[in-house]
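These notes are about the structure you will find just below.
The values are calculated or read from the model by the stated rules, or taken from the named source; none is laboratory data. Small disclaimer: the values here were computed from a predicted structure and weren't measured. In this analysis, Cβ positions are derived from the backbone assuming ideal geometry, glycine residues included, and neighbour counts consider all displayed protein chains. Each accessible area value is taken on the protein alone, full model and side chains, heavy atoms only, with ligands, DNA and RNA left out. Shrake-Rupley method; radii C 1.70, N 1.55, O 1.52, S 1.80 Å.
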Amino acid sequence: MLEGRIKVSGSFTRRFPKKSIFIKLENGQQWQSQRKISLDAMATDGSMQREWLACQLVHALGMPGPELDYVRVYINDRYRGLFMHTEWLDTKVIARYGLGADGQFFHPSDSQFCGDFLPHKEKSLKDCWFKLSPQDKDFSPLQALIDDINQT
């Protein structure tokens, strides 16, 4: 039995009966070589296949992407449903794909929806994103990407 902390994740889907969850295991404990576990409830996908198919397409095109698998989740011996386990994205994943440490790695914050890159979101980059690598406060590469997307 593994011990850790569980919290609800997702911003838009928190109002759905089946919630996505994030698990952080206690120090020294791992599940599938990970201490941080992201389980997506797939609440807006009745087929429960959209993310898996998208990731399979990314892999088929030879692009790096997280590993996904389906898991049946039990919490305190009570079945909670089928979830999509998404490999935790961190600098180890970047190294595994050989992308090097010289790039920029941003991870979206779960506290609010920021995935649309609309101009009104530009002022809140630090509220919407964590910068994992390099660990500095320079968000200008992300700002440049957003500007390019909006100009296109």
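Numbers below:
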item: The range 7-39, residues that are open to solvent by 80 Å² or more (accessible area, probe 1.4 Å) and farther than 16 Å from ARG72 by Cβ; result: LYS7, PHE12, ARG14, ARG15, PRO17, LYS24, GLU26, ASN27, GLY28, GLN30, SER33, ARG35
item: First in the range 27-51 and touching a residue at least 40 places away in the same chain (Cβ under 8 Å), second anywhere and open to solvent by 80 Å² or more (accessible area, probe 1.4 Å), Cβ under 6 Å, 6 or more apart; result: LYS36/LYS24
item: Residue in the range 8-19 that is more than 16 Å from the chain's Cα centre (by Cα) and among the polar types (S, T, N, Q) present; result: no
item: Search result, residues across the range 2-39 that are assigned to a strand (DSSP E or B), farther than 23 Å from TRP129 by Cα and of a type in the set (Phe, Trp, Tyr); result: TRP31
item: Test: residue in the range 40-49 that is in a loop (DSSP other than H, G, I, E, B), closer than 26 Å to GLY98 by Cα, open to solvent by 80 Å² or more (accessible area, probe 1.4 Å) and of a type outside the set (A, V, I, L, M); result: no
item: Restricting the range 124-140 to residues that are assigned to a helix (DSSP H, G or I) and loosely packed, with under 13 Cβ neighbours inside 10 Å, the residue that is modelled with the lowest pLDDT; result: SER124
item: Extreme residue, most open to solvent (accessible area, probe 1.4 Å), among residues of the range 50-79 that are hydroxyl-bearing (Ser, Thr, Tyr) and at pLDDT 90 or above; result: TYR79
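Matching residues to (1) within 26 Å of LYS24 (Cα to Cα); (2) open to solvent by less than 70 Å² (accessible area, probe 1.4 Å); (3) at pLDDT below 85:
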{"site": "GLY81", "(1), (2), (3)": "yes, yes, no"}
{"site": "TYR97", "(1), (2), (3)": "yes, no, yes"}
{"site": "GLN104", "(1), (2), (3)": "yes, no, yes"}
{"site": "PRO119", "(1), (2), (3)": "no, no, yes"}
{"site": "GLU122", "(1), (2), (3)": "no, yes, yes"}
{"site": "GLN151", "(1), (2), (3)": "no, no, no"}
